[in-house]
Amino acid sequence: MSTKKQWKPVIQGFDHLLHGGDYNPDQWLHEPQVIEEDFRLMPMAGYNIVSIGIFSWVHLEPEEGKYTFGWLDDIMDRVAKAGMKAALATPSGAKPVWMSEKYPEIRRVTPTGEGLYLLREPTGFRHNHCFTSPVYRDKVAAINGRLAKRYAKHPALGMWHLSNEYGGECHCSYCLEAFRAWLKRKYGTLDALNLAWWGSFWSHTITDWSQIQATDWSVDGMKLDWRRFVSHQTTDFMRHEIAAVRKYTPQVPVTTNMMGTYHRLDYSVLADHVDVIANDSYPNYGDQEDLWRQAGWISFNHDVERGLRHGQPFIQMECSPSSTNWAQYSQLKRPGIHRMEALAAVAHGAEGVMYFQWRKGLGGAEKHHGAVVDHVGNAETRVFHDVAEVGAILNKLQPVRGSIVESEVAIIHDWNARWALEFTAGPGAPSDRNCCDVSCSHYRSFWKRGINTDIIRPDEELSRYKLVVAPMLYLVNEGMAARLRMFVENGGTLVMTYLSAVVGDTNHCHRGGWPGAGLRELFGIWAEEMDHLTEKDAQTIKARVGNSLGLKGAFKAHTFCDLIHEEGAEVVATYANQFYKDMPAITVKKHGKGQAVYIGAKTDEDFLDAFYGALAPKLGIHPAVSGKIPEGVLVRTRTDGETTWTFVLNFRRTPQTVELGKGRRRDMITGKAVGESLRLQGYGSVVLTSRER
Ligand SMILES: [Zn+2]
């Protein structure tokens, strides 16, 4: 019996790793020969999909109620004739000037200055519409419905690309009314709301629902609820868009392009309503010695996106084939980097690689942003050749499509926990409380070791993991605490750090000491206080000889140090300085079949490397290769249960050798057999295949 595990293609009947990207023929309708040339060049670049119409509203509806689909009919026909698919966009990401001027209510109202003054935005820019405005919703439903009805049976229609990079917020009267209604549903009474928002403080008690604004940032419970509401309302708007296209095209998948760990929206809320996750990724890779550190951050983001739909592969919807125009430095991608960046996305579960943008416009805000076709207008450029090479490689990697990323390690990433910590006054500066930075530090320890890692939603099933890490998981409610306890009881190892389980759902501090929500007993410790150190303060943690985690040595600690009392836990390491010298800094407590580890201090990555370097082998967590992986090399695997594909990518400009260990492998790109040792060129990338049975 086959044990093959494979996700279905995103587009039914179109079983390909996707390669293509944003295509803006509406910028060239005055030069039809350019469009002719586009369709001559796209097959040469190995394109099989284009995202069309993302900002095309004015060309689809130049006047109110007057629709002009002729140009799009022609483009869709050309796409189909070329054997490609269209990710057809709904155009809500940028509204036409006529609409914005005729219906000012669709323009966003934004806090300005200290956030206490509200201003209706002028016409212009993009991504600045109100998500609640009945007029805007009517207009969006009308254009979406017409697009869906017109192209429902068109062979080019592959998927719906909803709007573009949903984001931001609006404080107009419609949005405030919706916020108040959302709060009424959540809390029922003003008494409950005032208690949740701790309204007695500074006389902030609300006595009428109409008094509720969303600009008083001193009310931290309100800030947390406002972010949740914005995620809800954005999702509600997206669902409104989806309903308009589903009416005519129920079988066509919908997606929207997200932006990694974008902090203003809880993407897990949106993720439940799309058919596939799509992500935009713009690393600014130049030629730095520590490029791999940024690569680790990009990997972290890829794993976040894959985790949003519980391991389902995602689409890399946008990246630049060359430089970006908005970064501080518009560095060119060195030879090999574009291919490596594309393969890194696939290694983490991407079902294809798409670009913003196909052709550089001659004008407009993004005329200097990287594109497959530069202003020179032909295929004879380094970037075009790089893109064509990736297209050819993706064809060779077709067997990887639909395979899964299997991980034994998971890191919990929760927008609610990030917001709760971010919207709290202290401890210390907000920059010291950046959850994603800390999570990525833990993540890099696995990245360097070639260990697949999932970044999971807080509601994810934990039982399939050997190790779950919760770095700075500030908000933990009773339900989450119970699931963590269950995970440990059943044999899992849980690692949690300082600034975890401090507050519950309303951003109120847990009573009874930290870690709260009943986790004090699970970890067998009580963190009585937390010291926030300046850069001049010195602290060191020292491992106790013979500790059960196998940790050895002394390490610098800084920024945050919990003052811990052990209440049944084994002390793994203690502090060496300050008045809390010899108090526990790291502890472990056996519980059920598993164990709960607490890291009480912020450290550098050398500590995390030593810590996970000792822990991972003890837990039977195996890296992708048995030999040594040099610094800067990423090794990740995908599998379909029968075949494993190993991606080996060198994010260093100098050649490096990876010891793969025993086994027979083949380079999928060159077709050559590979032995136990793999020599990678600077910025070299290889995909190996090995059959397991
Ligand atoms: Zn609004």
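The values are calculated or read from the model by the stated rules, or taken from the named source; none is laboratory data. Small disclaimer: the values here were computed from a predicted structure and weren't measured. All Cβ positions, glycine included, derive from the backbone under ideal geometry; neighbour counts span all protein chains shown. These accessible areas exclude ligands, DNA and RNA; they are computed on the full protein's heavy atoms, side chains included. Shrake-Rupley method; radii C 1.70, N 1.55, O 1.52, S 1.80 Å.
Residue-wise HN-Hα couplings along segment 118-130, as the Karplus relation 6.51 cos²θ - 1.76 cosθ + 1.60 with θ = phi - 60° gives them from phi, are 10, 9, 6, 5, x, 5, x, 6, 8, 6, 9, 9, 7 Hz; Gly and Pro carry x.
Ranking H127, Y103, A141 by how far each Cα lies toward the positive end of the dipole of segment 60-166 (charges on Cβ) leaves A141 at the top. By the rule of a C-alpha distance below 18 Å, with chain neighbours fewer than 8 residues away ignored, the aspartates and glutamates paired with K102 are E61, E63, E64, E121, D138.
Restriction of the GluC sites (Glu not before Pro) in segment 624-671 to DSSP coil positions whose beta-carbon has at most 14 other beta-carbons within 10 angstrom yields E631, E642.
Applying 1/(1 + (r/R0)^6) with r as the Cβ-Cβ distance of A327 and Q251 and R0 = 56 angstrom yields a FRET efficiency of 0.90. Greater than 20 Å separation of Cα atoms is the criterion. Which listed pairs, K66/K139; K466/K662; K85/K139; K66/K149; K448/K589, meet it? Going by Cα-Cα distance, K466/K662; K85/K139; K448/K589 fall outside the 20 Å limit. In terms of modelled amide H atoms, which long-range or inter-chain residues lie less than 5 Å from the amide H of D266? Long-range HN contacts for D266: S231.
Rounded to 0.05, the FRET efficiency of the K466 and E528 pair, given R0 = 30 Å and the Cβ-Cβ distance, is 0.45. Please work out the Cα center distance from segment 25-39 to segment 230-307, rounded to the nearest Å. With segment 25-39 and segment 230-307 each reduced to a Cα centre, they are spaced 30 Å. Charged side chains reduced to their Cβ positions (Lys and Arg at +1, Asp and Glu at -1) give the chain a dipole of some 1840 debye around its Cα centre. Given their separation in residues at 0.36 nm each and the Cα-Cα distance between them, L119 and T205 gain 28.4 nm when the chain is fully extended. Compactness ratio for segment 254-317: Cα radius of gyration over 2.2 N^0.38 Å (N = residue count) comes to 1.18.
Karplus-based coupling profile of segment 91-98, in residue order and whole Hz: x, 5, x, 8, 8, x, 4, 4, with θ = phi - 60° in 6.51 cos²θ - 1.76 cosθ + 1.60 and x standing for Gly or Pro. Once the Cβ-Cβ distance of R679 and D191 is raised to the sixth power relative to R0 = 60 Å, the FRET efficiency obtained is 0.30. Hydrodynamic estimate: the Kirkwood radius of the chain over Cα pairs, inserted into Stokes-Einstein at 37 °C and 0.692 mPa s, corresponds to D of 122 µm²/s. In this simple spin-label model, placing a label point 7 Å from the Cα along the Cα-to-Cβ direction at both K590 and K556 gives a separation of 3.7 nm.
One chain, two ends: Q12 and L29. Fully extended at 0.36 nm per residue, the span grows by 3.0 nm beyond their Cα-Cα distance. Once you have the Cα-Cα distance between T643 and K149, take 0.36 nm times their residue separation minus that, and quote the gain in nm to one decimal. Fully extending the segment from T643 to K149 adds 173.6 nm. When the Cα positions of M258, G627, T559 are compared along the charge dipole of the chain, G627 comes out farthest toward the positive end, with charges on each C-beta of Lys, Arg, Asp and Glu. In the chain, what percent of the accessible surface is made up of carbon and sulfur (1.4 Å probe, ligands and nucleic acids excluded)? Here carbon and sulfur together make up 52 percent of the probe-accessible area.
Semi-axes of the equivalent ellipsoid of segment 189-243 are 27, 11, 9 Å, computed as sqrt(5λ) over the eigenvalues of the C-alpha gyration tensor in descending order.
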